[in-house]
Amino acid sequence: MNNKLYIHNSLSRQKEEFKPLEDGYVGMYVCGPTVYSDVHLGNCRTFVSFDIIYRYLMFLGNKVRYVRNITDVGHLEGDADSDAEDKISKKARLERLEPMEVVQHYSNGFHDMMRIFNTLPPSIEPRATGHIIEQIEMVQSIIDNGYGYEKNGSVYFNTAKFAQENDEYGKLSGRVIDDLLAESRDNLKNQSEKEHPADFAIWIKADPRHLMRWNSPWSVGFPGWHLECSAMSTKYLGQKFDIHGGGNDLKFPHHENEIAQNVGACGCSPAQYWLHANMLLMNGRKMSKSDGNTITPNQLFTGDSPHISKAYSPMAIRFFMLQAHYRSTLDLTDDALLGAEKAYRRLMEANKVLQGLAAAKGAQAGELDQEIDQLIDQAFAEMRDDFNTPKTLARLFELVPKINGIKAGHLDAKELSAETLEKLKKAFSDFIYVIFGLKDEMDAGDGDNSAMDGLMQLIIEMRADARANKDWGTSDKIRDVLKELDIQLKDGKDGTSWTIG
Ligand code: AMP
Ligand code: ZN
(Lines give C-alpha, C1' and ligand atoms only; values in the text may rest on other atoms or scores of the structure.)
(Ligands and ions follow the chains in the order given, each with its own letter.)
Protein backbone atom coordinates (compact mmCIF):
# COMPACT_ATOMS: atom_id res chain seq x y z
CA MET A 1 0.00 0.00 0.00
CA ASN A 2 1.22 3.49 -0.84
CA ASN A 3 1.59 5.38 2.41
CA LYS A 4 2.77 8.66 1.03
CA LEU A 5 1.04 11.86 2.03
CA TYR A 6 0.41 14.48 -0.64
CA ILE A 7 -0.13 18.12 0.25
CA HIS A 8 -1.13 21.01 -1.94
CA ASN A 9 1.59 23.60 -1.53
CA SER A 10 0.33 27.16 -2.13
CA LEU A 11 3.87 28.20 -2.96
CA SER A 12 4.24 25.85 -5.94
CA ARG A 13 0.47 25.68 -6.55
CA GLN A 14 0.92 21.92 -6.83
CA LYS A 15 0.30 18.80 -4.88
CA GLU A 16 3.62 17.54 -3.59
CA GLU A 17 4.69 14.54 -1.62
CA PHE A 18 5.11 15.59 1.98
CA LYS A 19 8.62 15.06 3.24
CA PRO A 20 9.38 16.64 6.61
CA LEU A 21 12.85 18.09 7.11
CA GLU A 22 13.45 15.41 9.68
CA ASP A 23 11.70 12.10 9.24
CA GLY A 24 8.98 11.57 11.84
CA TYR A 25 9.04 15.15 13.15
CA VAL A 26 6.83 17.93 11.83
CA GLY A 27 6.94 21.62 12.70
CA MET A 28 3.73 23.45 11.86
CA TYR A 29 2.92 27.13 12.38
CA VAL A 30 -0.62 28.46 11.94
CA CYS A 31 -1.62 32.11 12.22
CA GLY A 32 -4.02 32.42 15.13
CA PRO A 33 -6.71 34.96 15.88
CA THR A 34 -6.46 38.65 16.65
CA VAL A 35 -8.18 38.76 20.01
CA TYR A 36 -10.16 41.98 19.88
CA SER A 37 -13.65 40.51 19.38
CA ASP A 38 -15.57 37.23 19.59
CA VAL A 39 -14.49 34.60 17.09
CA HIS A 40 -17.04 33.95 14.39
CA LEU A 41 -17.73 30.67 12.71
CA GLY A 42 -15.46 31.52 9.79
CA ASN A 43 -12.47 31.75 12.13
CA CYS A 44 -13.55 28.47 13.70
CA ARG A 45 -13.62 26.76 10.31
CA THR A 46 -9.99 27.67 9.63
CA PHE A 47 -8.86 26.32 13.00
CA VAL A 48 -10.94 23.16 12.65
CA SER A 49 -9.34 22.60 9.22
CA PHE A 50 -5.86 22.80 10.75
CA ASP A 51 -6.94 20.69 13.71
CA ILE A 52 -7.77 17.87 11.32
CA ILE A 53 -4.42 18.32 9.55
CA TYR A 54 -2.64 18.28 12.93
CA ARG A 55 -4.53 15.17 14.02
CA TYR A 56 -3.82 13.35 10.77
CA LEU A 57 -0.11 14.16 10.83
CA MET A 58 0.03 12.67 14.32
CA PHE A 59 -2.09 9.71 13.29
CA LEU A 60 0.53 8.93 10.65
CA GLY A 61 3.04 8.58 13.45
CA ASN A 62 4.71 11.99 13.33
CA LYS A 63 5.66 13.95 16.39
CA VAL A 64 4.18 17.33 15.62
CA ARG A 65 5.09 20.66 17.19
CA TYR A 66 2.08 22.78 16.42
CA VAL A 67 2.56 26.49 17.06
CA ARG A 68 -0.48 28.75 16.79
CA ASN A 69 -0.06 32.32 17.88
CA ILE A 70 -2.33 34.87 19.47
CA THR A 71 -2.10 38.29 17.87
CA ASP A 72 -2.38 40.82 20.66
CA VAL A 73 -0.60 43.82 19.22
CA GLY A 74 0.26 45.32 15.84
CA HIS A 75 -2.78 44.33 13.77
CA LEU A 76 -4.05 47.64 12.47
CA GLU A 77 -7.62 48.47 11.70
CA GLY A 78 -9.10 48.72 8.24
CA ASP A 79 -7.60 50.36 5.21
CA ALA A 80 -8.13 53.96 6.23
CA ASP A 81 -5.08 55.91 5.11
CA SER A 82 -5.39 58.58 7.67
CA ASP A 83 -6.33 56.87 10.89
CA ALA A 84 -5.11 53.30 11.17
CA GLU A 85 -5.18 52.19 14.78
CA ASP A 86 -4.20 48.95 16.49
CA LYS A 87 -7.37 46.83 16.86
CA ILE A 88 -6.75 45.86 20.47
CA SER A 89 -5.54 49.27 21.53
CA LYS A 90 -8.65 50.83 20.01
CA LYS A 91 -11.00 48.40 21.72
CA ALA A 92 -9.27 49.05 25.05
CA ARG A 93 -9.51 52.81 24.55
CA LEU A 94 -13.21 52.69 23.65
CA GLU A 95 -14.15 50.29 26.45
CA ARG A 96 -11.84 51.87 29.01
CA LEU A 97 -10.07 48.61 29.63
CA GLU A 98 -6.45 47.61 29.90
CA PRO A 99 -5.38 46.19 26.51
CA MET A 100 -4.47 42.97 28.32
CA GLU A 101 -8.02 42.75 29.67
CA VAL A 102 -9.29 42.82 26.11
CA VAL A 103 -6.72 40.22 25.11
CA GLN A 104 -7.53 37.94 28.06
CA HIS A 105 -11.29 38.20 27.58
CA TYR A 106 -11.29 37.29 23.90
CA SER A 107 -8.54 34.69 24.28
CA ASN A 108 -10.70 32.95 26.87
CA GLY A 109 -13.67 33.07 24.51
CA PHE A 110 -11.56 31.70 21.68
CA HIS A 111 -10.27 28.84 23.82
CA ASP A 112 -13.79 27.99 25.01
CA MET A 113 -14.96 27.80 21.43
CA MET A 114 -12.04 25.64 20.37
CA ARG A 115 -12.85 23.24 23.22
CA ILE A 116 -16.54 23.13 22.29
CA PHE A 117 -15.57 22.18 18.74
CA ASN A 118 -13.19 19.57 20.16
CA THR A 119 -10.03 20.98 18.58
CA LEU A 120 -6.78 19.98 20.23
CA PRO A 121 -4.77 22.79 21.78
CA PRO A 122 -1.54 23.66 19.97
CA SER A 123 1.80 22.59 21.46
CA ILE A 124 2.80 26.25 21.90
CA GLU A 125 0.55 29.30 21.78
CA PRO A 126 2.86 32.30 21.78
CA ARG A 127 1.64 35.88 22.01
CA ALA A 128 3.07 38.78 20.07
CA THR A 129 3.43 40.93 23.20
CA GLY A 130 5.48 38.19 24.85
CA HIS A 131 8.04 38.33 22.04
CA ILE A 132 8.89 42.00 21.67
CA ILE A 133 12.61 41.41 22.20
CA GLU A 134 12.73 38.77 19.46
CA GLN A 135 10.89 41.12 17.13
CA ILE A 136 13.22 44.03 17.85
CA GLU A 137 16.18 41.74 17.14
CA MET A 138 14.63 40.74 13.85
CA VAL A 139 14.04 44.35 12.83
CA GLN A 140 17.71 45.01 13.60
CA SER A 141 18.82 42.08 11.42
CA ILE A 142 16.63 43.30 8.57
CA ILE A 143 18.18 46.78 8.85
CA ASP A 144 21.70 45.29 9.07
CA ASN A 145 21.07 43.28 5.93
CA GLY A 146 20.01 46.39 4.05
CA TYR A 147 16.29 45.63 3.79
CA GLY A 148 14.98 48.04 6.40
CA TYR A 149 15.17 51.78 6.91
CA GLU A 150 14.11 54.10 9.69
CA LYS A 151 11.98 57.21 9.23
CA ASN A 152 10.92 59.37 12.17
CA GLY A 153 11.16 56.50 14.63
CA SER A 154 9.31 53.93 12.50
CA VAL A 155 11.10 51.23 10.54
CA TYR A 156 9.96 50.06 7.12
CA PHE A 157 10.73 46.98 5.14
CA ASN A 158 12.19 47.96 1.80
CA THR A 159 9.91 45.85 -0.37
CA ALA A 160 10.96 47.53 -3.59
CA LYS A 161 14.63 46.72 -3.04
CA PHE A 162 13.85 43.22 -1.78
CA ALA A 163 11.67 42.45 -4.80
CA GLN A 164 14.39 43.61 -7.15
CA GLU A 165 16.93 41.29 -5.58
CA ASN A 166 14.66 38.29 -4.92
CA ASP A 167 12.28 37.09 -7.55
CA GLU A 168 10.54 35.19 -4.76
CA TYR A 169 8.55 38.25 -3.71
CA GLY A 170 4.96 37.91 -4.89
CA LYS A 171 5.34 34.20 -5.64
CA LEU A 172 3.01 33.02 -2.89
CA SER A 173 0.20 35.46 -3.59
CA GLY A 174 0.82 35.88 -7.30
CA ARG A 175 0.97 39.67 -6.88
CA VAL A 176 3.11 41.98 -8.92
CA ILE A 177 4.89 44.70 -7.00
CA ASP A 178 3.35 47.53 -9.02
CA ASP A 179 -0.13 46.30 -8.09
CA LEU A 180 0.60 46.55 -4.42
CA LEU A 181 0.14 50.26 -4.23
CA ALA A 182 -3.23 50.60 -2.59
CA GLU A 183 -3.50 47.27 -0.87
CA SER A 184 -1.23 47.29 2.13
CA ARG A 185 -3.17 46.21 5.23
CA ASP A 186 -0.93 48.26 7.48
CA ASN A 187 -1.67 51.54 5.77
CA LEU A 188 -0.24 54.11 8.04
CA LYS A 189 -0.91 57.69 8.74
CA ASN A 190 2.39 58.65 7.28
CA GLN A 191 2.37 56.98 3.91
CA SER A 192 4.83 59.65 2.95
CA GLU A 193 7.43 58.17 5.28
CA LYS A 194 7.70 55.18 3.00
CA GLU A 195 10.13 55.22 0.12
CA HIS A 196 7.80 53.05 -1.92
CA PRO A 197 4.07 52.44 -1.35
CA ALA A 198 4.61 48.67 -1.19
CA ASP A 199 7.02 49.02 1.74
CA PHE A 200 5.48 48.02 5.04
CA ALA A 201 6.10 48.90 8.65
CA ILE A 202 8.02 46.47 10.81
CA TRP A 203 8.30 48.86 13.77
CA ILE A 204 5.78 51.63 14.36
CA LYS A 205 6.40 54.68 16.50
CA ALA A 206 3.47 54.92 18.92
CA ASP A 207 1.37 58.03 18.74
CA PRO A 208 0.22 59.40 22.10
CA ARG A 209 -3.13 57.57 22.15
CA HIS A 210 -1.56 54.17 21.52
CA LEU A 211 -1.72 52.23 24.75
CA MET A 212 0.75 49.44 24.05
CA ARG A 213 4.33 50.63 23.62
CA TRP A 214 7.85 49.41 24.17
CA ASN A 215 11.32 50.90 24.09
CA SER A 216 13.38 50.15 21.03
CA PRO A 217 16.50 51.59 19.38
CA TRP A 218 14.24 53.58 17.04
CA SER A 219 11.37 54.88 19.17
CA VAL A 220 8.89 53.97 21.85
CA GLY A 221 6.55 51.98 19.68
CA PHE A 222 5.21 48.58 18.75
CA PRO A 223 5.92 45.92 16.11
CA GLY A 224 4.19 45.62 12.75
CA TRP A 225 1.65 42.83 12.42
CA HIS A 226 3.55 40.55 10.03
CA LEU A 227 6.67 40.58 12.15
CA GLU A 228 5.36 38.55 15.07
CA CYS A 229 4.80 35.41 13.00
CA SER A 230 8.29 35.61 11.48
CA ALA A 231 9.87 36.06 14.90
CA MET A 232 7.82 33.44 16.74
CA SER A 233 7.98 30.74 14.06
CA THR A 234 11.77 31.19 13.96
CA LYS A 235 12.00 31.02 17.73
CA TYR A 236 9.97 27.85 18.18
CA LEU A 237 10.42 25.99 14.89
CA GLY A 238 13.72 27.28 13.56
CA GLN A 239 14.61 29.29 10.48
CA LYS A 240 13.32 26.48 8.28
CA PHE A 241 10.37 24.33 9.19
CA ASP A 242 7.79 22.14 7.52
CA ILE A 243 4.33 23.67 7.33
CA HIS A 244 2.95 27.19 7.57
CA GLY A 245 -0.80 27.61 7.48
CA GLY A 246 -3.59 30.13 7.78
CA GLY A 247 -6.77 31.29 6.13
CA ASN A 248 -6.30 32.08 2.44
CA ASP A 249 -7.18 35.72 3.04
CA LEU A 250 -3.81 35.94 4.81
CA LYS A 251 -1.76 35.03 1.74
CA PHE A 252 -1.37 38.67 0.99
CA PRO A 253 0.00 40.79 2.48
CA HIS A 254 0.58 38.86 5.69
CA HIS A 255 2.26 35.69 4.46
CA GLU A 256 4.01 37.28 1.52
CA ASN A 257 5.55 39.79 3.89
CA GLU A 258 6.42 37.12 6.43
CA ILE A 259 8.50 35.35 3.80
CA ALA A 260 10.19 38.64 2.86
CA GLN A 261 11.03 39.35 6.50
CA ASN A 262 12.48 35.90 7.08
CA VAL A 263 14.59 36.06 3.95
CA GLY A 264 15.54 39.62 4.81
CA ALA A 265 16.57 38.74 8.36
CA CYS A 266 18.18 35.32 8.02
CA GLY A 267 18.44 34.64 4.32
CA CYS A 268 16.01 31.77 4.04
CA SER A 269 12.38 31.21 3.26
CA PRO A 270 10.75 29.78 6.39
CA ALA A 271 8.31 27.02 5.45
CA GLN A 272 8.62 24.16 2.99
CA TYR A 273 4.88 23.84 2.53
CA TRP A 274 2.32 26.65 2.71
CA LEU A 275 -1.24 25.53 3.36
CA HIS A 276 -4.23 27.80 3.02
CA ALA A 277 -7.72 27.04 4.24
CA ASN A 278 -10.61 28.45 2.30
CA MET A 279 -13.36 30.71 3.53
CA LEU A 280 -16.68 29.96 5.12
CA LEU A 281 -19.54 31.61 3.30
CA MET A 282 -23.05 32.17 4.51
CA ASN A 283 -25.81 32.00 1.93
CA GLY A 284 -23.21 32.43 -0.79
CA ARG A 285 -21.28 35.41 0.63
CA LYS A 286 -18.07 35.43 2.70
CA MET A 287 -18.84 35.38 6.37
CA SER A 288 -17.51 38.63 7.65
CA LYS A 289 -18.22 40.90 10.53
CA SER A 290 -17.90 44.11 8.56
CA ASP A 291 -20.67 42.96 6.17
CA GLY A 292 -23.00 41.88 8.97
CA ASN A 293 -23.05 38.51 7.22
CA THR A 294 -22.14 36.51 10.25
CA ILE A 295 -23.46 33.99 12.71
CA THR A 296 -21.88 33.25 16.04
CA PRO A 297 -21.34 29.68 17.20
CA ASN A 298 -23.64 30.40 20.15
CA GLN A 299 -26.44 31.44 17.82
CA LEU A 300 -26.05 28.13 16.05
CA PHE A 301 -26.08 26.17 19.31
CA THR A 302 -29.27 27.92 20.48
CA GLY A 303 -30.99 28.32 17.10
CA ASP A 304 -31.33 32.03 17.82
CA SER A 305 -30.73 33.48 14.35
CA PRO A 306 -32.99 34.32 11.40
CA HIS A 307 -30.60 32.35 9.17
CA ILE A 308 -31.45 28.95 10.69
CA SER A 309 -34.60 27.01 11.50
CA LYS A 310 -33.31 25.19 14.59
CA ALA A 311 -30.38 24.69 16.95
CA TYR A 312 -27.38 22.61 15.85
CA SER A 313 -24.91 20.78 18.07
CA PRO A 314 -21.18 21.57 17.92
CA MET A 315 -20.47 18.10 16.56
CA ALA A 316 -23.06 18.43 13.78
CA ILE A 317 -21.34 21.70 12.83
CA ARG A 318 -17.90 20.13 12.97
CA PHE A 319 -19.20 17.34 10.74
CA PHE A 320 -20.61 19.99 8.37
CA MET A 321 -17.09 21.44 8.09
CA LEU A 322 -15.68 18.00 7.27
CA GLN A 323 -18.04 17.72 4.33
CA ALA A 324 -15.99 20.25 2.36
CA HIS A 325 -12.32 20.02 1.45
CA TYR A 326 -10.27 22.57 3.38
CA ARG A 327 -9.23 24.30 0.15
CA SER A 328 -12.84 24.72 -1.05
CA THR A 329 -15.24 27.33 0.14
CA LEU A 330 -18.01 26.07 2.37
CA ASP A 331 -21.43 27.66 2.19
CA LEU A 332 -23.43 27.67 5.39
CA THR A 333 -27.16 27.37 4.77
CA ASP A 334 -29.90 25.91 6.91
CA ASP A 335 -30.46 23.10 4.39
CA ALA A 336 -26.78 22.21 4.38
CA LEU A 337 -26.74 22.08 8.18
CA LEU A 338 -29.85 19.90 8.29
CA GLY A 339 -28.19 17.53 5.84
CA ALA A 340 -24.97 17.48 7.83
CA GLU A 341 -26.78 16.76 11.08
CA LYS A 342 -28.58 13.82 9.53
CA ALA A 343 -25.43 12.41 7.96
CA TYR A 344 -23.47 12.84 11.19
CA ARG A 345 -26.07 10.87 13.12
CA ARG A 346 -26.16 8.15 10.47
CA LEU A 347 -22.42 7.76 10.72
CA MET A 348 -22.40 7.66 14.52
CA GLU A 349 -25.31 5.24 14.59
CA ALA A 350 -23.56 2.95 12.11
CA ASN A 351 -20.44 3.06 14.26
CA LYS A 352 -22.46 2.09 17.32
CA VAL A 353 -23.90 -0.87 15.41
CA LEU A 354 -20.47 -1.80 14.03
CA GLN A 355 -18.74 -1.79 17.40
CA GLY A 356 -21.42 -4.19 18.67
CA LEU A 357 -20.97 -6.70 15.84
CA ALA A 358 -19.22 -9.99 16.46
CA ALA A 359 -17.69 -12.15 13.77
CA ALA A 360 -19.98 -14.94 12.58
CA LYS A 361 -19.02 -18.48 13.53
CA GLY A 362 -16.83 -20.02 10.85
CA ALA A 363 -16.62 -16.73 8.94
CA GLN A 364 -14.20 -16.69 6.04
CA ALA A 365 -13.07 -13.94 3.74
CA GLY A 366 -15.45 -13.74 0.79
CA GLU A 367 -16.54 -11.10 -1.67
CA LEU A 368 -17.96 -8.90 1.07
CA ASP A 369 -14.66 -9.10 2.90
CA GLN A 370 -12.78 -7.91 -0.15
CA GLU A 371 -15.18 -5.03 -0.81
CA ILE A 372 -14.93 -3.82 2.76
CA ASP A 373 -11.17 -4.18 2.85
CA GLN A 374 -10.84 -2.16 -0.33
CA LEU A 375 -13.14 0.61 0.85
CA ILE A 376 -11.18 1.01 4.07
CA ASP A 377 -7.93 1.33 2.10
CA GLN A 378 -9.57 3.83 -0.23
CA ALA A 379 -10.77 5.91 2.70
CA PHE A 380 -7.20 6.17 4.00
CA ALA A 381 -5.92 6.95 0.50
CA GLU A 382 -8.39 9.85 0.21
CA MET A 383 -7.12 11.27 3.47
CA ARG A 384 -3.52 11.00 2.28
CA ASP A 385 -4.51 12.94 -0.82
CA ASP A 386 -4.27 16.43 0.66
CA PHE A 387 -6.53 15.62 3.64
CA ASN A 388 -9.60 15.08 1.49
CA THR A 389 -12.22 14.72 4.22
CA PRO A 390 -15.33 14.81 1.96
CA LYS A 391 -14.04 11.95 -0.18
CA THR A 392 -12.98 10.02 2.91
CA LEU A 393 -16.47 10.45 4.29
CA ALA A 394 -17.93 9.26 1.00
CA ARG A 395 -16.02 6.00 1.38
CA LEU A 396 -17.19 5.58 4.95
CA PHE A 397 -20.75 6.13 3.81
CA GLU A 398 -20.29 3.35 1.26
CA LEU A 399 -19.45 1.16 4.22
CA VAL A 400 -22.49 2.19 6.28
CA PRO A 401 -25.07 0.12 4.30
CA LYS A 402 -22.73 -2.86 4.60
CA ILE A 403 -22.59 -2.49 8.38
CA ASN A 404 -26.34 -2.08 8.62
CA GLY A 405 -26.86 -4.95 6.15
CA ILE A 406 -24.76 -7.30 8.25
CA LYS A 407 -26.62 -6.31 11.38
CA ALA A 408 -30.01 -6.79 9.72
CA GLY A 409 -28.97 -10.09 8.14
CA HIS A 410 -29.33 -8.88 4.53
CA LEU A 411 -25.65 -9.49 3.98
CA ASP A 412 -23.95 -12.73 4.80
CA ALA A 413 -21.78 -12.16 7.86
CA LYS A 414 -20.03 -15.46 7.13
CA GLU A 415 -18.30 -13.69 4.24
CA LEU A 416 -16.63 -11.25 6.54
CA SER A 417 -13.54 -12.53 8.33
CA ALA A 418 -12.92 -11.66 11.95
CA GLU A 419 -9.74 -9.92 10.86
CA THR A 420 -11.49 -7.56 8.43
CA LEU A 421 -14.27 -6.91 10.91
CA GLU A 422 -11.65 -5.81 13.43
CA LYS A 423 -9.96 -3.66 10.79
CA LEU A 424 -13.31 -2.04 9.99
CA LYS A 425 -14.04 -1.36 13.66
CA LYS A 426 -10.64 0.21 14.14
CA ALA A 427 -10.88 2.25 10.94
CA PHE A 428 -14.27 3.70 11.93
CA SER A 429 -13.19 4.56 15.40
CA ASP A 430 -9.87 6.03 14.18
CA PHE A 431 -11.56 8.16 11.56
CA ILE A 432 -14.43 9.33 13.71
CA TYR A 433 -12.70 10.04 17.00
CA VAL A 434 -8.97 10.34 16.34
CA ILE A 435 -8.74 11.94 12.89
CA PHE A 436 -12.02 13.81 12.47
CA GLY A 437 -12.17 14.69 16.16
CA LEU A 438 -15.88 13.97 16.43
CA LYS A 439 -17.55 12.99 19.66
CA ASP A 440 -20.77 11.14 20.33
CA GLU A 441 -23.37 13.83 20.42
CA MET A 442 -24.42 13.22 23.99
CA ASP A 443 -20.80 13.68 24.96
CA ALA A 444 -20.77 17.14 23.53
CA GLY A 445 -22.15 18.78 26.65
CA ASP A 446 -20.47 17.13 29.56
CA GLY A 447 -18.57 14.16 28.22
CA ASP A 448 -20.84 11.70 29.99
CA ASN A 449 -22.70 9.40 27.66
CA SER A 450 -23.49 6.74 30.23
CA ALA A 451 -25.86 9.05 32.08
CA MET A 452 -27.87 9.55 28.92
CA ASP A 453 -27.91 5.82 28.20
CA GLY A 454 -29.03 5.14 31.76
CA LEU A 455 -31.80 7.73 31.57
CA MET A 456 -33.06 6.39 28.28
CA GLN A 457 -33.12 2.88 29.68
CA LEU A 458 -35.20 4.13 32.59
CA ILE A 459 -37.64 5.91 30.26
CA ILE A 460 -37.95 2.84 28.04
CA GLU A 461 -38.75 0.70 31.09
CA MET A 462 -41.31 3.23 32.38
CA ARG A 463 -42.99 3.20 28.98
CA ALA A 464 -43.04 -0.60 28.89
CA ASP A 465 -44.58 -0.69 32.39
CA ALA A 466 -47.18 1.90 31.38
CA ARG A 467 -48.12 -0.13 28.34
CA ALA A 468 -48.29 -3.34 30.34
CA ASN A 469 -50.69 -1.57 32.72
CA LYS A 470 -52.65 -0.16 29.76
CA ASP A 471 -51.76 3.33 30.98
CA TRP A 472 -51.95 4.81 27.47
CA GLY A 473 -51.86 8.41 28.75
CA THR A 474 -48.37 7.95 30.21
CA SER A 475 -46.98 5.92 27.33
CA ASP A 476 -48.30 8.47 24.77
CA LYS A 477 -46.83 11.32 26.78
CA ILE A 478 -43.41 9.67 26.84
CA ARG A 479 -43.60 9.07 23.11
CA ASP A 480 -44.64 12.69 22.36
CA VAL A 481 -41.96 14.30 24.51
CA LEU A 482 -39.26 12.10 23.02
CA LYS A 483 -40.51 12.97 19.55
CA GLU A 484 -40.19 16.66 20.36
CA LEU A 485 -36.61 16.00 21.45
CA ASP A 486 -35.99 14.23 18.14
CA ILE A 487 -35.45 10.88 19.90
CA GLN A 488 -36.94 7.84 18.16
CA LEU A 489 -37.79 4.59 19.91
CA LYS A 490 -37.67 1.39 17.92
CA ASP A 491 -39.44 -1.70 19.20
CA GLY A 492 -37.65 -4.85 18.05
CA LYS A 493 -37.66 -8.47 19.07
CA ASP A 494 -34.71 -7.86 21.39
CA GLY A 495 -36.49 -5.03 23.15
CA THR A 496 -36.66 -1.29 22.54
CA SER A 497 -33.70 0.75 21.29
CA TRP A 498 -33.37 4.49 20.79
CA THR A 499 -31.78 6.76 18.25
CA ILE A 500 -31.55 10.49 17.77
CA GLY A 501 -33.18 11.91 14.64
P1 AMP B 1 -8.21 37.29 12.27
O2 AMP B 1 -8.61 37.19 13.69
O3 AMP B 1 -9.00 38.26 11.46
O4 AMP B 1 -6.71 37.50 12.10
O5 AMP B 1 -8.56 35.88 11.62
C6 AMP B 1 -8.24 34.65 12.21
C7 AMP B 1 -8.26 33.57 11.18
O8 AMP B 1 -9.60 33.35 10.70
C9 AMP B 1 -7.42 33.86 9.94
O10 AMP B 1 -6.65 32.69 9.61
C11 AMP B 1 -8.44 34.17 8.86
O12 AMP B 1 -7.97 33.78 7.60
C13 AMP B 1 -9.59 33.29 9.29
N14 AMP B 1 -10.90 33.75 8.76
C15 AMP B 1 -11.46 34.99 8.79
N16 AMP B 1 -12.68 35.00 8.18
C17 AMP B 1 -12.89 33.73 7.74
C18 AMP B 1 -13.96 33.06 7.02
N19 AMP B 1 -15.07 33.69 6.64
N20 AMP B 1 -13.82 31.74 6.76
C21 AMP B 1 -12.71 31.06 7.15
N22 AMP B 1 -11.68 31.63 7.82
C23 AMP B 1 -11.76 32.94 8.12
ZN1 ZN C 1 0.66 35.20 11.00
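The values are calculated or read from the model by the stated rules, or taken from the named source; none is laboratory data. What you see is a predicted model; the values in this text were computed from it and never measured. Using ideal geometry, Cβ is built from the backbone for each residue, glycine included, and neighbour counts are taken over all protein chains shown. For accessibility, only protein heavy atoms count, side chains too; no ligands or nucleic acids. Shrake-Rupley method; radii C 1.70, N 1.55, O 1.52, S 1.80 Å.
How large is the accessible surface per residue of the range 232-343, computed with a 1.4 Å probe and reported in Å² as a whole number?
For the range 232-343, the per-residue accessible area is 34 Å².
Can you pull the one-decimal nm distance between simple spin-label points at SER328 and GLN355, each 7 Å off the Cα toward Cβ?
The answer from the label model is 2.9 nm.
How many percent of the accessible area of the chain is carbon or sulfur, using a 1.4 Å probe?
48
Could you give the length gained by full extension between ALA311 and GLN364, i.e. 0.36 nm per residue of separation minus their alpha carbon distance, to one decimal place?
14.5 nm
Provide the gained length on full extension for the span LYS483 to LYS151, in nm with one decimal, where the gain is 0.36 nm per separating residue minus the Cα-Cα distance.
Contour length minus Cα-Cα distance gives 112.6 nm.
As an exercise, take the mean of 1/r over every pair of distinct alpha carbons in the chain, invert it, and state the Kirkwood radius in angstroms.
With all distinct Cα pairs of the chain included, I get 25.4 Å.
When the helices in the chain are scored as -39500 (n - 2.57) per DSSP H run of 4 or longer and the sum is shared across all residues, what 222 nm value do you end up with, to the nearest 500 deg cm²/dmol?
Counting only the DSSP helices, I get -13500 deg cm²/dmol.
Which entries in the list LYS171/LYS289; LYS342/LYS470; LYS251/LYS289; LYS402/LYS490 go over 26 Å, if you measure between the two C-alpha atoms of each?
Too far apart for the 26 Å limit: LYS171/LYS289; LYS342/LYS470.
Using a 7 Å offset from the Cα along the Cα-to-Cβ direction at both HIS410 and LYS426, what is the distance between the two label points in nm, to one decimal?
The modelled label-to-label distance comes out at 2.9 nm.
Over all directions, what mean area does the Cα convex hull of the range 365-417 project, stated in square nanometres?
Approximately 3.4 nm², given one-decimal rounding.
Each residue of the range 143-148 in order: what ³J(HN,Hα) in whole Hz does its phi give by Karplus 6.51 cos²θ - 1.76 cosθ + 1.60, θ = phi - 60°, with x for Gly and Pro?
So the J values, rounded to whole Hz, are 5, 4, 7, x, 10, x.
Give me the one-decimal nm value for the distance between modelled label points at PHE397 and SER12, 7 Å along each residue's Cα-to-Cβ direction.
3.3
For the range 317-389 and the range 114-142, compute the distance between their C-alpha centroids and round to whole Å.
What the calculation gives is 35 Å, centre to centre.
Give the accessible surface of the range 352-476 per residue, rounded to a whole number of Å², with probe radius 1.4 Å and ligands, DNA and RNA excluded.
Per-residue value: 51 Å².
For the range 189-235, what is the Kirkwood estimate of the hydrodynamic radius, computed as the reciprocal of the mean inverse distance between distinct Cα atoms, to one decimal in Å?
Computed over Cα pairs of the range 189-235, the Kirkwood hydrodynamic radius comes out at 11.9 Å.
Over the range 55-153, average the accessible area per residue using a 1.4 Å probe and give it in Å², no decimals.
That works out to 46 Å² for each residue.
Stick to Cα atoms and the Kirkwood definition of Rh, then tell me Rg/Rh for the range 325-475.
Reported Rg/Rh, Kirkwood definition of Rh: 1.06.
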